[in-house]
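What follows is a single structure, written as structure tokens, with notes after it.
The values are calculated or read from the model by the stated rules, or taken from the named source; none is laboratory data. These figures come from a predicted structure and were not determined experimentally. Every residue, glycine among them, receives a Cβ derived from its backbone with ideal geometry; neighbour counts consider all protein chains shown. Remember, those area values only see protein heavy atoms, side chains included, never the ligands or the DNA or RNA. Shrake-Rupley method; radii C 1.70, N 1.55, O 1.52, S 1.80 Å.
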Amino acid sequence: MRATDPRASGATSSPLLGAARPPALRAVIAGTGGYLPERSLTNDELAAWKGLETSDAWIVERTGIRRRHIAAEGETASDMAAKAALAALAQAGAEVGEVDAVIVATATPDSAFPSTAARVQGRLGIGKGFAFDLAAACTGFVYALGVADALIRSGQARGALVIGTEIYSRILDWTDRGTCVLFGDGAGAVFLRAVPEAEAGGRGLLSTHLHADGRFGDILNVDGGAGSTGGTGVVRMAGREVFRHAVAKLSSAVDEALAANGLGHDDVAWLVPHQANIRIIEAMGKKLGLGLDRVVVTVDRHANTSAASIPLALAEAARDGRIKPGDLVLMEAIGGGLTWGAALARF
Ligand code: UT7
């Protein structure tokens, strides 16, 4: 979504109407937060499972994954989301009273309804504004950023929690080595604050670029779930095909994001990609001319946490001081749908 709001021109009054216009607004990433369940499951532990026939060597070589976190029994996507959200608010120095929108990207909601977002809102004691879930699989966080950006620019929200939270451990076929070794659980969040463009100093979301092609829905899906008349309710993936789409579609999405802002590869301080496979991440870094020292990588320790992977990576790199104020951060993701997209933000 590009800013199409005429107020983005910076005009504050209309010569025709004579009425004062509200200032153009920017969605500034004021805080980031992450949460990972305590239990960490290593490749060696998986390799020891009878009948799975995998190995640490195969998983590391083909994916870069060494371990992943697994939610505790009874722990839910909303539990994890609330923890990540509180961490993001604390880092932003924001009160929960500043939040008037909660958007949760997840493929593993606690229930069909109330939405995970409404549960988070309730858990945080927020009784105003609005809350909803968004389903775009691994691209969910980029989609949610796009929606939140549009809501903030149009004046419909002033403080938005954008959260990715996933418990894939509950929708995996733990006998399918082609999928079960790839995913992990966790949650990440950002708090977006509406700041008048004139005061933002160039900070904030610059643009988001969202895509989908439903004709490829079958290559990465959950076969069953709420409203389904069959299926097993677990993740199925034609890995090699998804891989092929990933490199081409992510490349075009990042080109689109940079071109839309008149920016080049050299302007990017950090690439924060969706964390599905180190080979895809390396290919994207190479395309942008960025070494792995300018790419935030968590896939080795988190595996693929779907919609949570980008905000978890953002939180890690913002907290350890890698991402600094003023840095241009490029995010990209692809997932079931197929969905894919990119987002550019200045911290
Ligand atoms: O987040 C959403 C987006 N998802 C992605 O971007 C995932 C994209 N795809 C991938 O990351 C990779 O395709 C995978 C990691 C899923 C698979 O890697 P690959 O190099 O494409 O392997 P493959 O599926 O072509 O399988 C190669 C071989 C097969 O054996 P044969 O047929 O050559 O004898 C598989 O059966 O590796 C075998 N294999 C395994 N062996 C040990 C598949 N999974 C495993 C395993 N352990 N866990």
Tell me, please, whether a residue that is open to solvent by less than 40 Å² (accessible area, probe 1.4 Å), within 17 Å of the chain's Cα centre (by Cα) and among the polar types (S, T, N, Q) can be found in segment 250-269. no
Just checking, how many residues over segment 107-125 are in contact with a strand residue (DSSP E or B) (Cβ under 8 Å, 6 or more places away or on another chain), open to solvent by 10 Å² or more (accessible area, probe 1.4 Å) and among the polar types (S, T, N, Q)? 3
It is to be established whether one or more residues within segment 291-313 are under 13 Å from the mean Cα position of the chain (by Cα), in contact (Cβ under 8 Å) with a residue 60 or more places away in the chain, open to solvent by less than 40 Å² (accessible area, probe 1.4 Å) and away from the ligand (no atom under 16 Å from the Cβ). no
Could you list all residues from segment 38-69 that are among the aliphatic types (A, V, I, L, M) and either closer than 21 Å to Ile281 by Cα or crowded, with 21+ Cβ neighbours inside 10 Å (or both)? Ala57, Ile59, Val60, Ile65
Inside segment 181-202, the number of residues satisfying the requirement of being more than 15 Å from the chain's Cα centre (by Cα) and either part of a strand (DSSP E or B) or surrounded by fewer than 20 Cβ atoms within 10 Å (Cβ to Cβ) (or both) is 10
Scan (1) in a helix (DSSP H, G or I); (2) within 16 Å of the ligand (Cβ to nearest atom); (3) under 28 Å from Ala148 (Cα atoms) for the single condition Asn221 breaks and write down its number. (1)
In contact with a strand residue (DSSP E or B) (Cβ under 9 Å, 6 or more places away or on another chain), aromatic (Phe, Trp, Tyr) and touching a residue at least 60 places away in the same chain (Cβ under 8 Å) - does that describe any residue in segment 126-134? no
Check whether at least one residue in segment 158-171 is open to solvent by less than 10 Å² (accessible area, probe 1.4 Å), part of a helix (DSSP H, G or I), on the phi < 0 side of the Ramachandran plot and of a type in the set (A, V, I, L, M), and report yes or no. no
Regarding segment 140-148, can at least one residue be identified that is outside any helix (DSSP H, G or I), open to solvent by 30 Å² or more (accessible area, probe 1.4 Å), hydroxyl-bearing (Ser, Thr, Tyr) and within 16 Å of the ligand (Cβ to nearest atom)? no
